[in-house]
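Inspection log for the structure reproduced underneath, given as structure tokens.
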Amino acid sequence: MRVCFVAENAWSAIAEDGRFPFGGMETQAWAFAQCLQALRVCDVSFAVSTPFRFRSQQRSGIEVLNRSAWIEHVRRDVARRCVISRNWPPVKIRKWHRSLVWKLPLLAATRPFRSSAAEQRSVADFYSHLPADVVIAYGVSSLTTAIVEAARSAGKRTIVSCASNDDLRTEYRTNPDYVNAYGDRADVLYRGLTQADRILVQTSHQQQLARANLDLDACVVPNPIDERWIEWASQSETLLQGLFGKHSELQQPFVLWTGRTDRFHKRPAIALQIARQLPQVQFVMVLDVTDPAIHEELKARKPENVLMLSPLCYPMFVALMSRAVAFLSTGSKHYEGFPNVFLQAGLLGVPVVSAECDFGILSETGIGRAFNDSVSDLVQHLDKFMKRPVEPNHRTNASDTAQRVRERYGAHTIAARLWQALQE
């Protein structure tokens, strides 16, 4: 069997170069590809899309196939930084970057020769010709639907792996005109889900959502851990040397947070609210700036005990997490799926303090606690936690927690579950 995983924005997670932002979905997809490759039961490849001109590269014994789409990536970058309008002015810059000096004129000059239909043909041609029998696309989006349709047209089996609870909204089945937070129409998303040969979800809760909201059967395959996290943690002094020189705050105990600049999913404003009530605690926020306006608001409201960092390459972020006293999650349970950072924290012995999300991950492994979106309860708990004396057996407790995480989410265990789902 030839299996190809698809997560178009995963290149930086694979190459570990930090040139482009990526999230838990991309991390998850690459981890699954690696653990299935380790079983040596099938041929594994991985498809991405980058602005670089390469057809394929070998990474960790996996062939990474590239849908080179330079002009698409230029357009997407401009869309993140500007508001395009039919009225005057036609372009309103939200976040200046010197690359706009050439990107805006380029897009204006090439506009008559570009069309959404051309992009759709590019996607259809690439995924219909993938050298694979089974295509596993990550996340529910209009792109995923296009990938599923292209692969099916070429006789390939298709799987959609859901990346969050939001991928399973009831509106996708009941309200065709509904548009989600990312601008995708419900009828397009539902078509992709129903045309796939199999749906994968991360938790039993998502399995229930798939049945109740969309009348779909789904197979539960949780995220796997990556043993490289331990290796990167052991190299934290070297990996973080440059950051330590720039930010003395990292030399003292800190609480770590990471996520996008949004109001509905990662909810960084709640992290600032918590930090404001704990002025004696240092907070470090690794921010992926997807909305420059929200970023400016956050910077304006940032208390003195918060250090904001730009996205880091994957090894550096894991190394930074290993130095944290605790990991703070403010993700919404309506949009989160299976936060990969929970597994990273559990394996590295970093307690998780979660505003809302648990999904059985925290409570069943002892990684941390969730607080049902009660900021006051979370603040009280974190205050006591930061003031506690270090227990003599804390290293043993952390080791026991890490072992439970390995037993439940070890790469071999999860790969076997995925392989069983593929054979079925």
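The values are calculated or read from the model by the stated rules, or taken from the named source; none is laboratory data. Computed from a predicted structure; not experimentally measured. Positions of Cβ are backbone-derived with ideal geometry, glycine not excepted, and every protein chain shown enters the neighbour counts.
Pairs meeting the criteria (first residue in the stretch 297-315 and more than 19 Å from Gln280 (Cα to Cα), second residue outside any helix (DSSP H, G or I) and modelled with pLDDT of 95 or more, beta carbons under 6 Å, at least 6 apart or on different chains) are Leu309/Val286.
Within the stretch 360-380, residues that are touching a residue at least 40 places away in the same chain (Cβ under 8 Å) and loosely packed, with under 14 Cβ neighbours inside 10 Å reach partners that are in a helix (DSSP H, G or I) and of a type outside the set (Lys, Arg) with beta carbons closer than 9 Å, at six or more positions or on different chains, in the pairs Gly360/Ser204; Gly360/His205. Just one of the listed residues (Asp217, Asp226) is over 22 Å from Cys357 (Cα atoms), in contact (Cβ under 8 Å) with a residue 12 or more places away in the chain and either part of a loop (DSSP other than H, G, I, E, B) or touching a Gly at 6+ places or on another chain (Cβ under 8 Å) (or both), namely Asp217. As a summary of the residue check, Ser374 satisfies the conditions (1) within 20 Å of Ala31 (Cα to Cα); (2) at pLDDT 95 or above except for the one numbered (1). Checking each residue in the stretch 27-48 for being of a type outside the set (Lys, Arg), surrounded by fewer than 22 Cβ atoms within 10 Å (Cβ to Cβ) and either touching a Phe, Trp or Tyr at 6+ places or on another chain (Cβ under 7 Å) or not in a helix (DSSP H, G or I) (or both) picks out Leu39, Val41, Cys42, Asp43, Ser45. When each of Ile361, Ile367 is tested for being β-branched (Val, Ile, Thr) and either modelled with pLDDT of 95 or more or in contact with a strand residue (DSSP E or B) (Cβ under 8 Å, 6 or more places away or on another chain) (or both), the lone residue that passes is Ile367.
If we only count strands (runs of 3 or more DSSP E) wholly inside the stretch 80-148, which ones have 2 or more residues that are at pLDDT 70 or above, of a type in the set (Val, Ile, Thr) and assigned by TED's automatic domain parsing to the domain that holds Cys42?
Details: elements: 82-84, 91-93, 134-138.
Hits in the stretch 80-148: 91-93, 134-138.
The set of residues from the stretch 179-193 being in contact with a Lys or Arg (Cβ under 9 Å, 6 or more places away or on another chain) and either at pLDDT 95 or above or surrounded by fewer than 17 Cβ atoms within 10 Å (Cβ to Cβ) (or both) comprises Val179, Ala186, Leu189, Tyr190, Leu193.
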